[in-house]
1. Could you count how many residues in region A:53-102 are outside any loop (DSSP other than H, G, I, E, B), in contact with a Ser or Thr (Cβ under 8 Å, 6 or more places away or on another chain) and of a type in the set (A, V, I, L, M, F, W, C)?
2. Quick check, is residue B:48 acidic (Asp, Glu) and in contact (Cβ under 8 Å) with a residue 60 or more places away in the chain?
3. Out of everything in region A:156-165 that is more than 20 Å from residue B:142 (Cβ to Cβ) and of a type outside the set (Lys, Arg), what residue ends up being surrounded by the most Cβ atoms within 10 Å (Cβ to Cβ)?
4. Here are the criteria: (1) under 20 Å from residue A:212 (Cα atoms); (2) crowded, with 17+ Cβ neighbours inside 10 Å; (3) touching a helix residue (DSSP H, G or I) at 6+ places or on another chain (Cβ under 8 Å). Tell me which single one residue A:22 does not satisfy.
5. Looking only at region A:155-205, which residues are free of Cβ contacts under 8 Å to residues at least 24 places away in the same chain and on the phi > 0 side of the Ramachandran plot?
6. Would you mind finding the one in A:64, A:142 that is crowded, with 24+ Cβ neighbours inside 10 Å and within 12 Å of the chain's Cα centre (by Cα)?
7. Looking at region B:103-116, which of its residues are part of a helix (DSSP H, G or I) and either in contact with a Cys (Cβ under 9 Å, 6 or more places away or on another chain) or surrounded by 15 or more Cβ atoms within 10 Å (Cβ to Cβ) (or both)?
8. Looking only at region A:82-92, decide whether some residue is over 15 Å from residue A:119 (Cβ atoms), over 14 Å from the mean Cα position of the chain (by Cα) and of a type outside the set (Ser, Thr, Tyr).
There are 2 protein chains.
Amino acid sequence: MSRVVLQQKVLSENDRIAAHLRERFQQNNVLCVNLISSPGSGKTTLLERTLEVLPHDARVAVLTGDIQTENDAARLKRFGFPVKQITTGGTCHLDARMIERHLEDWKLEDLDILFIENVGNLVCPSSYDLGEAAKVVILSVTEGEDKPLRYPSIFFKSELMVLSKTDLLPYVPFNLEEAEENARRVHPGMEIVRVSCQTRIGLSSWLKWLDGKRNAYLQLKAEPVA
Amino acid sequence: MSRVVLQQKVLSENDRIAAHLRERFQQNNVLCVNLISSPGSGKTTLLERTLEVLPHDARVAVLTGDIQTENDAARLKRFGFPVKQITTGGTCHLDARMIERHLEDWKLEDLDILFIENVGNLVCPSSYDLGEAAKVVILSVTEGEDKPLRYPSIFFKSELMVLSKTDLLPYVPFNLEEAEENARRVHPGMEIVRVSCQTRIGLSSWLKWLDGKRNAYLQLKAEPVA
């Protein structure tokens, strides 16, 4: 079997499991958001800032992927919400089966939002559907405004781009407008928020997006199929 | 054929071509250095700073990998050295066959150093030998000091870690000593240089490493096989 054929087989098997996950999320009114970025762009920090402002009775959980360590789960657990680490042991992305397996002992009906923090990688995670309602790509201002053009797949597939670490703008050669223009060249109409998790400026735009997304998701479900 | 078996087959085919490349580099006294990092850690900028200080008659060339664009080749060509872009068209790493193909119309005997700038990805490139004499991993101080523990394979396989963007240290929560300690936990004795391509502080340490590496490479070759 050629490499390409086998890759297609792996992907279609993944798609089958992802479709089943998506169905289960919909049945249980769980908005699932898949966060993707390079290593160190601030996925975990964005989740920390998010979890710390949520009411204590919010029905939110996190699956956080890493190749080797359990550092992220430790960082996120202190906010009191259910958090589980997925250690991929070398694999450069999360796949739908990993999500399915790690959800086994969680009741989906107890959740409103499930965050998935993918492995730090701007390339491979874009090929693996996890059953999420939306992918979100995070790009930090230290990475350069050309990245949407260079890693187009993930910017095309993500509903939202979070431009992170905006507090560093005075110290790095980064043109915000150009970055946003590049993202929208790849993905016309893409939603974008600018966030600093250090100063918390822009955090409310992210929370507002999340809120709107959850409302739209529930509304979409409520509509009768034409 | 299982996925794992097929991956092993692809890798052993890659290793065969890489071994042949390594032999050709050795026969022609070409030091080949494979630069690997996350997107936006500063591989291209480090190469720019390197090429701009080299004498105009230096026998240096660059192969620069990207998934989609030819931006890097354009940036690097203005220094007058041979530069070729390898566009992978979606693939998340360079492989030995891409290197072999792009070297076809270059004479190796005209070169002393060949830089390979890999695709921005801290995971997959670590599995693909390109025939290089040394891998170099670049970690920018904006990415967090935990990265060597989280992406251990590439830190283990790289001879040198370049800690880049050190000019941003006053503005980011990054502990240099801890980052270096983490790198050496994964790779005892790993060489490390600290570089800012903005202020150029530390650039001489990188150039010194390169020089030492080239001398050691030639000397190693000169030694009779025991």
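1. Matching residues across region A:53-102 total 5.
2. Considered against the rule, which asks whether it is acidic (Asp, Glu) and in contact (Cβ under 8 Å) with a residue 60 or more places away in the chain, residue B:48 comes out as yes.
3. A:158
4. (3) is the only condition that residue A:22 fails.
5. Of everything in region A:155-205, just one residue is free of Cβ contacts under 8 Å to residues at least 24 places away in the same chain and on the phi > 0 side of the Ramachandran plot, namely A:189.
6. A:64
7. The answer is B:108, and nothing else.
8. Checking region A:82-92: at least one residue is over 15 Å from residue A:119 (Cβ atoms), over 14 Å from the mean Cα position of the chain (by Cα) and of a type outside the set (Ser, Thr, Tyr).
The values are calculated or read from the model by the stated rules, or taken from the named source; none is laboratory data. Here the structure is a predicted model, which is why all the values come from computation and not from measurement. Heads up, the Cβs are rebuilt from the backbone with ideal geometry, glycines too, and the neighbour counts pull from every protein chain shown.
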